[in-house]
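Worksheet: the structure to be examined is printed underneath.
The values are calculated or read from the model by the stated rules, or taken from the named source; none is laboratory data. Computed from a predicted structure; not experimentally measured. Reconstructed Cβ throughout: ideal geometry from the backbone, glycine too, with neighbour counts over all protein chains shown. Remember, those area values only see protein heavy atoms, side chains included, never the ligands or the DNA or RNA. Shrake-Rupley method; radii C 1.70, N 1.55, O 1.52, S 1.80 Å.
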Amino acid sequence: MKKSLLTFALEQEAQGHFSDYNCLFTGVGKINAAFSLLHYLSENARPSCIVNLGTAGSATFNAGQTVHCTRFIQRDMDVTPLGFAKYQTPFSEIPTILEVFGPETNLPKACCGTGDHFDIAHTGDDYDVVDMEGYALAHICHKKQIPFLSLKYISDGADGQAHEHWEQALEDGAKALKAALKNILTEAS
């Protein structure tokens with residue numbers, strides 16, 4: 001984990017607590033996340049692990065919990081009118097539910113539904129948390145065979161108050177994510 005790369009969508013999610021780590025701030029959304037990570041990988045030595053940290057909404061987990069996302073769905077991919085399964089990328093060898101390999105944790109496991117909209121009405125049982133970058137990062141790590149660890153701080157209930165709760169949770173989220181990362185690093189040594 002010493003040569004890991006930490007990724008966040010925004011600097012606000014780190015709140016200055018991760019200056020002793022190698023961090024990449026990708027920008028919001030799948031395209032920004034994918035471009036930023038691929039650009040980083042083309043210009044730098046291969047990291048031993050890519051660690052995605054950030055906030056997520058959830059109707060399953062309580063606000064204030066930190067979860068370990070081990071499976072990912074592209075929640076805004078829907079080509080069902082052409083006969084493809086919901087969330088399936090047409091003609092792709094990547095499974096509809098992308099499972100990643102990386103360090104194990106004792107945190108609750110979650111399936112992350114990534115999409116390019118800020119979800120304020122999450123319903124359904126296909127995924128437990130919602131974010132806007134995780135699937136893109138997991139996809140790249142899967143293709144490049146780089147271990148991937150995704151820890152999400154549940155900032156809100158992915159409901160009508162999500163935007164208010166997200167901003168209020170940033171500082172608590174950064175502290176919780178740093179503590180979780182320290183615990184993982186301690187357990188690994």
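Structure notes:
- Qualifying residues in the stretch 65-106 (those that are among the charged types (D, E, K, R) and within 17 Å of the chain's Cα centre (by Cα)) - the one farthest from residue 131 (Cα to Cα): 104
- Evaluation of residue 172 against (1) crowded, with 22+ Cβ neighbours inside 10 Å; (2) modelled with pLDDT of 80 or more (one fails), failing number: (1)
- Looking across the stretch 96-117, the residues that are more than 30 Å from residue 168 (Cα to Cα) and open to solvent by 50 Å² or more (accessible area, probe 1.4 Å) come down to 97, 99, 101.
- Pairs linking a residue in the stretch 64-89 that is within 18 Å of residue 184 (Cβ to Cβ) and acidic (Asp, Glu) to a residue that is buried (at least 17 other Cβ atoms within 10 Å of the Cβ) and at pLDDT below 95, with Cβ atoms under 6 Å and 6 or more positions apart or on different chains, do not occur.
- So residue 35, is it without any contact (Cβ under 8 Å) to a residue 12 or more places away in the chain and at positive phi: no
- Taking first residues from the stretch 19-31 that are under 15 Å from residue 138 (Cα atoms) and partners that are among the charged types (D, E, K, R), the Cβ contacts under 7 Å between residues at least 6 apart in sequence or on separate chains come to 26/133; 29/116; 29/133; 30/116; 30/133.
- Out of 9, 85, 45, 63, one residue alone is among the hydrophobic types (A, V, I, L, M, F, W, C) and within 15 Å of residue 115 (Cβ to Cβ). It is 9.
- Residue 112 being assigned to a strand (DSSP E or B), at pLDDT 75 or above and touching a strand residue (DSSP E or B) at 6+ places or on another chain (Cβ under 6 Å): yes
- Scanning the stretch 1-18 for residues that are assigned to a helix (DSSP H, G or I), touching a residue at least 40 places away in the same chain (Cβ under 8 Å) and open to solvent by 10 Å² or more (accessible area, probe 1.4 Å) turns up 12, 13.
- Residue 130 vs. criteria at pLDDT 90 or above, β-branched (Val, Ile, Thr) and touching a Cys at 6+ places or on another chain (Cβ under 7 Å): no
- Considering residues of the stretch 71-95 that are in contact with a strand residue (DSSP E or B) (Cβ under 7 Å, 6 or more places away or on another chain) and open to solvent by 30 Å² or more (accessible area, probe 1.4 Å) only, the residue nearest to residue 141 (Cα to Cα): 71
- The criterion of being within 14 Å of residue 152 (Cβ to Cβ) and of a type outside the set (Lys, Arg) holds for residue 57.
- Selection count, the stretch 22-62, where residues are among the hydroxyl-bearing types (Ser, Thr, Tyr) and open to solvent by 60 Å² or more (accessible area, probe 1.4 Å): 2
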